[in-house]
Structure formats: structure tokens, C-alpha cells
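Accompanying notes for the structure given below.
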Amino acid sequence: MSPILPSRQSGRYAAFFLITQYILMLSAFIILSSAIDWPQSLDDPASIALPRVLEQSQSMFLGYGCYFLVGILFIPATVALNARLGITGAMASMTVALATFSAIAKSIGITRWLFAMPTLAEAYVAPGADTQTISTIFAVLNEYAGGIGEILGVGLMSGIWTMLMARELFKKPGKIAKPLAVFVFLTAMILLATIPAGFGIDMGPVLTISGIIWQAGLLGMGVWALT
């Protein structure tokens with residue numbers, strides 16, 4: 001896979017996608033944290049989480065909708081960033097594949113809150129509902145979809161993608177490229193370090209912090225792409 005755009009033009013596209021996804025991620029965090037105390041609320045049981053899905057339906061749809069778009073934009077951002085960095089051949093194919101699989105995995109985790117959880121919430125509060133069975137379904141769905149999103153989408157795929165991008169960025173000339181590459185590489189290590197959380201190991205605030213730092217790295221690459 002070779003660059004399809006001149007470096008300067010591809011840099012503008014990369015900056016647009018990376019900066020836009022940063023704004024969307026920030027919007028998702030603000031909306032969801034204020035509405036449902038996200039991401040801490042992800043560990044809440046069905047008895048708390050499902051009624052809240054109905055109470056905060058509009059905020060959750062808007063917040064998770066922004067989050068969903070963040071994952072989708074990861075794919076065109078990768079194509080444009082490949083062209084800006086001059087990544088071609090097997091390496092370009094690998095980064096696009098990682099971005100695509102990451103977006104799919106994240107989408108599985110995110111869309112449970114957009115489609116599956118509202119249905120479960122309506123069933124949970126219905127008169128005569130079997131809340132115990134619904135709570136079990138809720139827990140299983142959270143473990144399955146959340147695990148795919150966190151372990152594969154965020155920790156593994158995004159972590160490897162970030163490491164490869166840092167490697168390519170480090171080869172570029174200029175005063176900004178190498179220090180930024182080191183920072184981006186560190187964000188990759190932090191993402192990979194979050195994988196145990198997907199297996200039920202309590203990581204404390206590491207998941208939230210890793211997401212913030214990683215987004216800062218993506219924003220930095222977006223700004224660099226304009227240089």
C-alpha cells in the first residue's frame with residue numbers, strides 16, 4: 001500500500017482526522033462523566049446501571065455516539081498518517097489492519113450501550129421482570145463486549161499501532177519529531193499495560209489515565225502532521 005496523496009496534503013487530512021477524533025473523545029468524556037460518572041460507572045451492577053440507562057438515555061446516546069465516531073475516524077486517520085510518514089508496503093497494510101480491527105473491537109464494546117443496554121433496561125424495569133436473569137445477561141454482555149473493546153481494541157491493537165507509528169515518527173527529521181516519537185512510544189507501553197484490566201485485574205485509575213495520555217499523543221501527531 002503506497003501513499004495516495006502528497007505529503008503536505010496527506011498531512012492536512014491526518015491532522016483533520018486526528019484533531020477531530022480528539023475533540024469527539026473530549027466531548028464524549030465530558031458528556032458521559034457528567035451524566036453517569038463515566039468511566040467509573042462501568043463497574044456498577046445492573047440494579048444501578050440499567051435504570052440509569054433510561055434516565056440518561058439522551059446523554060448516553062450522544063456521548064457514546066461521539067465515542068463510536070472516534071473509533072471509526074481511526075481508520076482514515078491511519079491512511080492519511082501513513083502517507084504523511086511515508087509508510088508503504090507491508091508496514092502500511094499492517095497499520096491500516098490494526099486500525100480497522102481496533103475500530104471494530106471498540107465498536108463492539110461501545111454499541112452495547114447504544115443498542116443492547118437500552119433493551120435490557122426496559123426489560124429490567126418492566127412490571128414482573130425477572131431481574132436476576134436480566135442482571136446475569138447484563139454481566140455477561142459487559143464482560144464479553146467490554147473485554148473485546150478493552151483488551152483487543154484499546155490495549156492490544158491500539159497499543160501495537162501506536163508503537164509502530166512512534167517507530168516511524170522517530171525516523172523523521174526535525175526538533176519535534178523525535179521527542180514526540182518518544183512520548184508516543186510511552187503511550188503505547190501504557191496502553192499495552194492496561195490489558196490485564198480486561199481480565200478482571202483492578203488497575204485503579206490506569207485505564208482513564210492511559211486514555212488521556214494516548215489522546216494527547218494522537219493530538220501531538222495531528223499537529224506534527226501539519227509541519
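Summary table below
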| read-out | value |
| --- | --- |
| Checklist (1) free of Cβ contacts under 8 Å to residues at least 24 places away in the same chain; (2) open to solvent by less than 40 Å² (accessible area, probe 1.4 Å) applied to residue 132, failing item | (2) |
| Enumeration of residues in region 160-212 that are under 21 Å from residue 149 (Cβ atoms) and either touching a Lys or Arg at 6+ places or on another chain (Cβ under 9 Å) or among the β-branched types (Val, Ile, Thr) (or both) | 160, 162, 187, 190, 194, 195, 201, 206, 208, 209, 212 |
| Pick from region 185-227, criterion of a type in the set (S, T, N, Q) and over 20 Å from residue 43 (Cβ atoms), ranking: farthest from the chain's Cα centre (by Cα) | 227 |
| Listing of helices (runs of 4 or more DSSP H) fully contained in region 1-111 that carry 2 or more residues being polar (S, T, N, Q) and surrounded by 19 or more Cβ atoms within 10 Å (Cβ to Cβ) | 7-36, 57-85, 89-111 |
| Residues of region 160-184 that turn out to be of a type in the set (Phe, Trp, Tyr) and more than 17 Å from the chain's Cα centre (by Cα), as a count | 2 |
| Members of region 140-172 found to be touching a Ser or Thr at 6+ places or on another chain (Cβ under 8 Å) and open to solvent by 30 Å² or more (accessible area, probe 1.4 Å), listed by number | 150, 152, 154, 157 |
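The values are calculated or read from the model by the stated rules, or taken from the named source; none is laboratory data. Note that the structure is predicted; figures quoted are calculated from it, not measured. Using ideal geometry, Cβ is built from the backbone for each residue, glycine included, and neighbour counts are taken over all protein chains shown. Calculation scope for accessible area: heavy atoms of the full protein, side chains included, ligands and nucleic acids excluded. Shrake-Rupley method; radii C 1.70, N 1.55, O 1.52, S 1.80 Å.
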